[in-house]
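Before any comments, here is the structure.
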Amino acid sequence: MGTNSQSATVMETEDDSPAPAQFSDDTAVCIASVKGLKENWQKWSNEHQEYQKHNPFSHDTRPSVVVPQRGQDDYGRPLQGSMTEQRGKDAHTHISREVQELCEVIRNIGELRDRAGSGRDGKVITVEFGKLFEHYVTISNKLVGILLRARKQRLVEFEGEMLWQGQDDHVTITLLQ
């Protein structure tokens with residue numbers, strides 16, 4: 001029993017019990033963090049409500065929502081300065097580089113020939129789709145899409161709307177510039 005009485009006296013010392021000031025400091029810190037969380041949440045909520053006022057796809061039917069109409073300059077375009085606009089610009093730059101790279105590959109592996117059927121004098125570089133596909137497959141898996149983009153920009157010319165591997169291997173692709 002001597003050991004039990006000694007441990008009981010040790011538990012009752014003031015050194016082991018926390019001071020009342022520690023409890024109030026912890027409570028103050030806890031209250032301050034909850035207050036900060038509440039303020040941050042309220043700030044986010046106010047910003048989101050303001051954003052929703054200008055969002056044409058919001059279910060709120062507020063008269064301040066301006067929905068762009070067909071024919072307007074900004075119809076179908078993201079807001080200027082938005083992340084969506086920046087992503088679009090970055091994508092356009094990336095695709096333009098890929099189109100330029102495609103033209104370089106055609107210049108490197110193509111054959112110089114007389115321009116036929118157009119009545120113009122001069123030479124053009126041509127390559128068959130199958131040969132281009134075999135060389136370009138190590139560069140990108142989007143050859144047909146890039147060819148369509150290059151044709152839209154009048155950089156290349158070929159017959160048909162779409163080119164298929166195997167079926168259109170002998171279709172001639174002409175580099176125009």
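Residue 167 meets the conditions (1) at pLDDT 85 or above; (2) within 28 Å of residue 92 (Cβ to Cβ); (3) polar (S, T, N, Q) in every case but one. The failed one is (2). Within the stretch 146-158, residues that are under 9 Å from residue 176 (Cα atoms) and of a type in the set (D, E, K, R) have Cβ atoms under 9 Å from residues that are at pLDDT below 90 and open to solvent by 70 Å² or more (accessible area, probe 1.4 Å) in these pairs: 154/177, counting only partners at least 6 apart in sequence or on another chain. Of the candidates 145, 122, 88, 130, the single residue that is among the small types (Gly, Ala, Ser), under 30 Å from residue 55 (Cα atoms) and out of contact with any strand residue (DSSP E or B) (no Cβ under 7 Å at 6 or more places or on another chain) is 88.
Look at the stretch 38-63: where a residue is among the basic types (Lys, Arg) and a partner is open to solvent by less than 80 Å² (accessible area, probe 1.4 Å) and modelled with pLDDT under 75, sitting 6+ places away or on another chain with Cβ atoms under 6 Å, you get 53/64.
Every residue in the stretch 122-171 that is charged (D, E, K, R) and within 13 Å of residue 101 (Cα to Cα), please. Give the steps one after another, and end with the answer.
To start, the set of residues in the stretch 122-171 that are charged (D, E, K, R) comprises 123, 128, 131, 134, 142, 149, 151-152, 154, 157, 159, 161, 168-169.
Result: 142, 149.
The values are calculated or read from the model by the stated rules, or taken from the named source; none is laboratory data. No experiment lies behind these values; they were computed from the predicted model shown. Cβ: placed from backbone, ideal geometry, glycine included. Neighbour counts: every protein chain shown. In case anyone asks, the SASA skips ligands and DNA or RNA and just uses the protein heavy atoms, side chains included. Shrake-Rupley method; radii C 1.70, N 1.55, O 1.52, S 1.80 Å.
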